[in-house]
Structures are given as structure tokens and as C-alpha cells.
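The values are calculated or read from the model by the stated rules, or taken from the named source; none is laboratory data. Owing to the predicted nature of the structure, the values given are computational and were not obtained by experimental measurement. Cβ placement follows ideal geometry from the backbone for every residue including glycine, while neighbour counts extend to all protein chains displayed. Accessible surface is based on the protein model in full, side chains and every heavy atom, while ligands, DNA and RNA are left aside. Shrake-Rupley method; radii C 1.70, N 1.55, O 1.52, S 1.80 Å.
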Amino acid sequence: MARNIQSLERAAAMLRLLAGGERRLGLSDIASSLGLAKGTAHGILRTLQQEGFVEQDDASGRYQLGAELLRLGTTYLDVHELRARALVWTDDLARSSGESVYLGVLHQHGVLIVHHVFRPDDSRQVLEIGAMQPLHSTALGKVLTAYDPVAHSEALEADRKAFTDRTVCEVEAFERILDLTRARGYAADVEETWEGVASIAAPIHDRRRMPVGAVGITGAVERVCRDGELRHELIAAVRDCARAVSRDLGAGRF
């Protein structure tokens with residue numbers, strides 16, 4: 001059995017201690033509560049402070065939880081709310097389109113799949129929640145890159161790998177695709193990431209009108225496209241789903 005890392009256990013115990021009871025605690029209080037030597041407690045607190053998880057009051061020298069924990073907690077709540085609000089609408093999109101539906105958010109220079117609805121048929125499928133997709137070649141990634149300045153910077157700084165001979169890697173051509181995405185309100189990936197596979201995605205906004213994710217469908221090119229063009233009814237269905245989730249998040253009409 002793998003052994004727990006003692007320093008991490010102690011750091012977690014400190015955060016839990018600071019999260020309850022008094023708003024601020026001194027070094028002696030923290031050390032005695034956790035049964036630690038002052039030097040040990042101070043070393044852990046200093047590391048947590050450097051990472052933004054703990055803050056020290058200049059006047060009293062006491063410690064409290066830091067802003068970085070709030071940011072991480074808000075991110076978790078945002079993703080949790082996004083997924084919760086999207087459940088019904090993504091199920092409806094899968095039924096109406098006949099294709100797999102993915103919900104993605106920006107994470108570590110890529111797209112993290114936080115929800116996946118299977119294609120509504122009897123085919124063998126693999127759940128892809130937790131999978132990562134590239135920003136520059138997928139429909140979900142292009143949407144996030146077009147609407148989120150952070151994603152845009154990350155996509156331009158990244159090594160844009162050519163997955164197929166259709167992948168757009170050159171900066172100026174990629175920027176033109178992003179302009180087109182913003183102009184028409186959706187993005188497409190036709191065999192740019194996987195041979196024989198096409199995707200359509202649209203942005204989801206929150207109550208602040210900020211982009212918080214993207215929703216899209218993925219399927220075989222012959223089903224998603226007709227006569228070499230994306231099927232208009234699928235584009236409309238994806239955009240309607242994105243607008244519905246956005247409205248449920250408080251974004252109003254888009």
C-alpha cells in the first residue's frame with residue numbers, strides 16, 4: 001500500500017484548522033492544535049503562504065486562508081454549476097442530433113472534457129470525461145480560444161501540432177479561423193484532429209457574459225456533413241444548446 005506523505009497531511013490539517021473556528025490563528029495556536037513543533041509548523045505555513053493558500057496579517061502576525069483557495073473553490077463551483085445546468089440540454093442535443101455531445105472547459109493549455117453524453121445508439125462507446133483535447137484543432141478548443149483571452153494566449157504560445165494534413169498550425173491562418181468563429185458564433189473541426197471525424201461547437205457564457213465553456217457534437221464526417229458542408233440543422237442545434245445553457249447560467253439572450 002502506498003504511504004501517505006506526512007508534510008501534505010500536515011498542510012491539509014492546517015488548512016482545515018484555519019477554515020474553522022477563529023478567523024485568524026497564531027503560530028503557537030496552530031502548532032499546539034496539531035501537535036507540531038513551532039519550527040515544523042512555521043515551515044509548512046511559509047510554503048502555503050508562498051503558494052497563496054495562506055495569508056499572514058502584517059499587524060498581528062496571525063494566519064488565515066488565502067485568496068488562492070478561494071480562486072480554486074470558485075473554479076470548482078463554476079465547473080460544477082456549468083455541468084449541472086447543462087445536463088438536460090446536452091441530453092436533448094444528443095437525442096436531436098444523434099451524435100455524441102461534449103462539454104469542455106479551459107484547463108492546463110487544453111480543453112478538459114467535464115461532461116460526455118453518448119451517441120444515442122447501440123454502438124460501443126468509451127466515456128471521455130476527464131480527457132484532454134487540444135485548443136488549436138478541435139471545435140471545442142477553437143471556441144474557447146476565440147472567446148477567452150487566456151485560452152487565446154495559451155493557444156498561440158503552444159506548439160500547435162499537425163494531427164492530420166487539415167490541421168491549421170500557422171498563426172495568421174489560425175487567427176482568421178478565430179475571427180470567423182466569433183463572427184458566426186460556432187467553430188468546426190472537419191478531420192483536423194482525427195481522420196474521418198467532424199465536430200461542431202459553440203460558446204457558453206455566464207451571468208457576467210464571460211465565456212466559461214463550450215458545448216459540441218462529434219461524429220463521423222458523413223453524418224455531420226452533407227455534400228461537403230456542415231449540416232445546417234446540426235449547427236443550429238449546437239448553438240441553441242449553448243444559448244440555453246448560457247441562459248440558465250444567467251447570461252440572458254445572446
Using a 1.4 angstrom probe on the protein heavy atoms only, line up F53, F118 by accessible area, largest first. F118, F53
Quick one: Debye curve from the C-alpha atoms of the chain, no solvent, what's log10 I(q)/I(0) at q = 0.10 Å⁻¹? -0.61
Under a 10 Å cutoff between Cα atoms, tell me which one of G43, G141, G213 has the largest fluctuation in the Gaussian network model of the chain. G43
Using the Cα centre as the reference, give the magnitude of the dipole from point charges on the C-beta atoms of segment 173-240 (Lys, Arg: +1; Asp, Glu: -1; all else neutral), rounded to the nearest 20 debye. 500
About its Cα centre, what dipole magnitude does the chain give when the only charges are +1 on Lys and Arg Cβ and -1 on Asp and Glu Cβ, stated in debye to the nearest 20? 860
Rounded to whole Å², per residue accessible area for the chain with a 1.4 Å probe reads 55
Give me the percent of accessible area attributable to carbon and sulfur for the chain, probe 1.4 angstrom. 51
Amide H of L135: which non-local residues (sequence gap of 5 or more, or other chain) have their own amide H closer than 5 Å, using H built in the peptide plane? V111
Cβ under 15 Å from P120's Cβ, P120 left aside: what net charge do those residues give with Lys, Arg +1 and Asp, Glu -1? -1
Work from the charge dipole of the chain (Cβ charges, +1 for Lys and Arg, -1 for Asp and Glu, about the Cα centre) and give the residue of A59, Q125, T138 farthest towards its positive end. A59
Rounded if a/c under 1.5, otherwise prolate or oblate - segment 155-254, Cα gyration tensor axes: oblate
